[in-house]
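This is the structure I want to talk about, given as structure tokens.
The values are calculated or read from the model by the stated rules, or taken from the named source; none is laboratory data. Treat the numbers as computed from the prediction; the structure is a model and nothing was measured. With ideal geometry, Cβ positions are generated from the backbone for all residues, glycine too; neighbour counts draw on all protein chains shown. Ligands, DNA and RNA are excluded from the accessible area calculation, which covers all protein heavy atoms including side chains. Shrake-Rupley method; radii C 1.70, N 1.55, O 1.52, S 1.80 Å.
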Amino acid sequence: MRICFVAPTTHLSGNVTTAERICALLQQAGHDVLQIAPSDMASTTGKEFDCCFYLHALRCGSVVWKSTDPSIRAKKYVLILGGTDANEKHHADSEAEMLRVVETSDSIVCFSDAMVAAALSKWGDCARSKLVVISQSIAPCPNDHSEVTLDSLVGGTSPVVLLPAGLRPV
């Protein structure tokens with residue numbers, strides 16, 4: 001499958017990390033993925049994709065859907081909501097733009113049930129049938145550069161729960 005993935009490229013942001021993680025998973029699954037910034041839309045001219053993913057309704061979706069015709073040619077369009085989309089208040093013009101992106105997307109990915117609730121509260125029935133929850137997850141990796149291991153921290157068989165949180169208020 002040929003996939004175009006549009007994501008903000010703000011250095012050292014969660015957006016970059018999320019986009020890179022999802023693109024790597026798609027590539028590992030055998031898909032051909034072109035990851036671009038919203039400012040690089042011209043690189044898709046003349047190309048057709050099976051699917052276009054865009055991270056954030058306002059930051060990327062509004063670039064893909066500048067008008068009723070998308071600026072990227074694809075068979076399906078998938079919005080991946082970020083916390084900024086669902087949880088922050090925006091100017092009325094931005095809210096209208098986000099609603100248009102939600103309405104024109106074929107599917108909408110949320111990372112949690114709480115994000116689904118926020119999306120439903122914000123966009124109501126126009127989003128309901130499109131929402132899909134795909135939870136984010138992490139896996140601890142071995143580290144050869146440290147003598148601290150999960151076994152030494154928790155005694156070997158105890159479960160480990162990692163809670164990355166509190167990076168910024170939402």
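Report the extension gain between Asp50 and Ser135 in nm, rounded to one decimal, defined as 0.36 nm multiplied by the number of residues separating them, less their alpha carbon distance.
So the chain would gain 28.3 nm between Asp50 and Ser135.
Residues of the range 1-128: accessible area per residue at 1.4 Å, in Å²?
I get 50 Å² per residue for this part.
Test of understanding: what is the full-extension gain from Lys76 to Thr9, defined as 0.36 nm times their sequence separation minus their Cα-Cα distance?
Net length gain for the segment: 21.8 nm.
Another question about this same structure. Relative to a virtual label point 7 Å from the Cα of Arg21 in the Cα→beta-carbon direction, which members of the range 102-132 show backbone nitrogen distances below 18 Å?
Correct set: 109-116, 132.
So, by mean Cβ neighbours within 10 angstrom, what's the order for 100-112, 31-43, 70-82, 54-66 with the highest one leading?
For the peptides 100-112, 31-43, 70-82, 54-66, the packing ranking is 54-66, 70-82, 100-112, 31-43.
What residues have an amide H closer than 5 Å to that of Ile36, excluding those fewer than 5 places away on the same chain, when H is modeled at 1.01 Å from N in the peptide plane?
Counting only residues 5 or more places away or on other chains, the set is Phe5, Val6, Ala7.
What nm value, rounded to one decimal, do you get for the distance between Gln28 and Asp40 when each label is placed 7 Å out toward the C-beta?
For the pair Gln28/Asp40, the computed spacing is 2.2 nm.
Once you order the gyration tensor axes a ≥ b ≥ c over the Cα atoms, which shape class does the range 1-95 get: rounded for a/c under 1.5, otherwise prolate or oblate by comparing a/b with b/c?
Verdict is oblate for the range 1-95.
Would you pull out the residues with amide H under 5 Å of Lys76's amide H, same chain only if 5 or more places away, H placed 1.01 Å from N?
Cys51, Cys52
Hey, any idea what % of the range 85-132's accessible area is carbon plus sulfur with a 1.4 Å probe?
51
Further question on the same structure: Give, in nm to one decimal, the length gained when the segment between Arg2 and Cys126 is fully stretched (0.36 nm per residue of separation minus the Cα-Cα distance).
This chain segment gains 41.9 nm when fully extended.
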